[in-house]
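**Student:** One structure coming up, written as structure tokens, with questions to follow.
Values in this text are rule-based calculations from the coordinates and carry no lab data. Predicted, not measured: the structure shown is a model, and the values here were computed from it. In this analysis, Cβ positions are derived from the backbone assuming ideal geometry, glycine residues included, and neighbour counts consider all displayed protein chains.
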Amino acid sequence: MTPEAETKTATGLLERLAAGELLVFDGATGSYLQEHGLEPGGCPELMNAEQPEVVQQMARQYFEAGSDMVLTNTFGANRIGLARYDLEDRTSELNIKAVENARAGAPANGLVIGSIGPLGGLLEPLGDISEDGAFEALSEQVIALEEGGADGVVIETQIALEETLLGIRAAKENTSLPVMATMVFDKGPRGYFTMMGVTPEQAVEELEKAGADIVGTNCGNGIERMVEIATKMRAVTDGYLLVQSNAGMPTLVKGENCYPETPEFMADGYAKLAELPVNILGGCCGTTAAHIKALVEAVKPEPMAV
């Protein structure tokens, strides 16, 4: 990594947080792509090469709505995931193109964050993915994201500590990028846990200990539950927190998923999250540019006229 790129990364993310700036992420990726040409069962990441204008426009719309940073279209762009489409040999290419597409839709100060989703299976002995194989796949992806010019990476939508920790290690050992890590929690009779039994408090402790610069939660819950989860996380850390909330839980209407939480409803919850404080706020499934605009209006008051 060049000194110039290193400076850009620090100024773009960690230094902005250190200066006390609240940063706004983008909204949903999958639903946007489905509405703009992604066929059922299709590979979202292939659109980076075959329909780059769609991916670029997605980034542009979120930035225009007020996002400070957007995710790359690389949620499943690891060798293991891409093998399901016989695209594993295009792993580096698709990650690099994804960063370039997001950058094409970005203003001068807009940040591009590499999205690293779950590998799509369980690690041994519960599943058939070896630890070495997982680490190699994650390393290949983070290296390509840095090569493409990403300003950071987020290991997101995770349920198992083991895979999340491997993702953090892959990024820390192979790149100079700031690293975020987020997990998905469900509410049960005994409180909040991931599907693999991790609590919000445990996630914060383990992810920070592994070297994550920013930790948090995304997906799986609407804004009210995200306030509850973030409150638990903030109680055990003074570090940087990230929350990307769903627009509620979807219901099936005429064969399509519909998310119930309006931009106005979510804005009230985002204001509560900002007060905790949560340092980076954004949307996940079901959120649109309208949700991001309402988020920005709720947490970033207009500067006073001179």
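**Student:** Please list, in order along segment 218-232, the HN-Hα scalar couplings obtained from phi with the Karplus expression 6.51 cos²θ - 1.76 cosθ + 1.60 (θ = phi - 60°), rounded to whole Hz, x for Gly and Pro.
**Tutor:** My calculation for segment 218-232 gives 8, 6, x, 9, x, 5, 5, 5, 5, 4, 5, 5, 5, 5, 5 Hz in order.
**Student:** Residues with amide H under 5 Å of E124's amide H, sequence separation 5 or more or different chain, H placed in the peptide plane at 1.01 Å from N; which?
**Tutor:** Placed amide hydrogens put I129, S130, E131 under 5 Å from E124.
**Student:** Continuing with the same structure: Quickly estimate the mean residue ellipticity at 222 nm for the chain, helices only: each DSSP H run with n ≥ 4 gives -39500 (n - 2.57), and the total goes over all residues, rounded to 500.
**Tutor:** Rounded to the nearest 500, it is -12500 deg cm²/dmol.
**Student:** Using DSSP, restrict attention to beta bridges with both residues in segment 3-299 and report what percent are antiparallel, rounded to the nearest 5.
**Tutor:** Details: 6 of 33 bridges.
For segment 3-299, the DSSP antiparallel bridge percentage is about 20.
**Student:** Which of the lysines could a cross-linker span from K293 if the Cα-Cα distance has to be under 17 Å and same-chain partners fewer than 8 positions apart are dropped?
**Tutor:** K272
**Student:** What are the ³J(HN,Hα) couplings of segment 145-157, residue after residue, when phi is run through the Karplus curve with 6.51, -1.76, 1.60 and θ = phi - 60°? Round to Hz, x for glycine and proline.
**Tutor:** 5, 5, 4, x, x, 5, 8, x, 9, 10, 8, 10, 6
**Student:** Provide the per-residue ³J(HN,Hα) series for segment 40-55, in order, calculated from phi with Karplus coefficients 6.51, -1.76, 1.60 and θ = phi - 60°, each as a whole number of Hz, with x at glycine and proline positions.
**Tutor:** Residue by residue, segment 40-55 yields x, x, x, 8, x, 5, 5, 5, 4, 9, 9, 9, x, 5, 5, 5 Hz.
**Student:** Net charge around R234, counting only other residues with Cβ within less than 12 Å of its Cβ (Lys, Arg = +1; Asp, Glu = -1)?
**Tutor:** -2
**Student:** Gaussian network model of the chain, Cα springs within a sub-10 Å range: biggest mean-square fluctuation belongs to which of V99, V198, V278?
**Tutor:** V198
**Student:** What's the local net charge at V54, with K and R +1, D and E -1, over the other residues with C-beta under 12 Å away? Display every interim value, and only then the final one.
**Tutor:** Numbers: positive: R60; negative: E35, E50, E53.
With Lys, Arg at +1 and Asp, Glu at -1, the neighbours total -2.
**Student:** Tell me which residues come under 5 Å, amide H to amide H, from T288 once H is placed; ignore anything under 5 positions away on its chain.
**Tutor:** Here the answer is A28, since their amide H atoms fall under 5 Å of that of T288.
**Student:** Between A19 and E147, what is the label-point separation in nm under the 7 Å Cα-to-beta-carbon projection?
**Tutor:** Placing both labels 7 Å along Cα→Cβ, they lie 3.2 nm apart.
**Student:** When N counts the residues of segment 162-261, how does its alpha-carbon radius of gyration compare numerically with 2.2 N^0.38 Å, as a ratio?
**Tutor:** 1.17
**Student:** Note down the relative contact order for the chain as a percent, whole number, built from C-alpha pairs under 8 angstrom at least six residues apart.
**Tutor:** 18
**Student:** Okay, moving on. Packing-wise, with mean Cβ within 10 Å as the measure, how do 223-236, 250-263, 174-187 rank, highest first?
**Tutor:** Answer by packing, highest mean first, reads 174-187, 223-236, 250-263.
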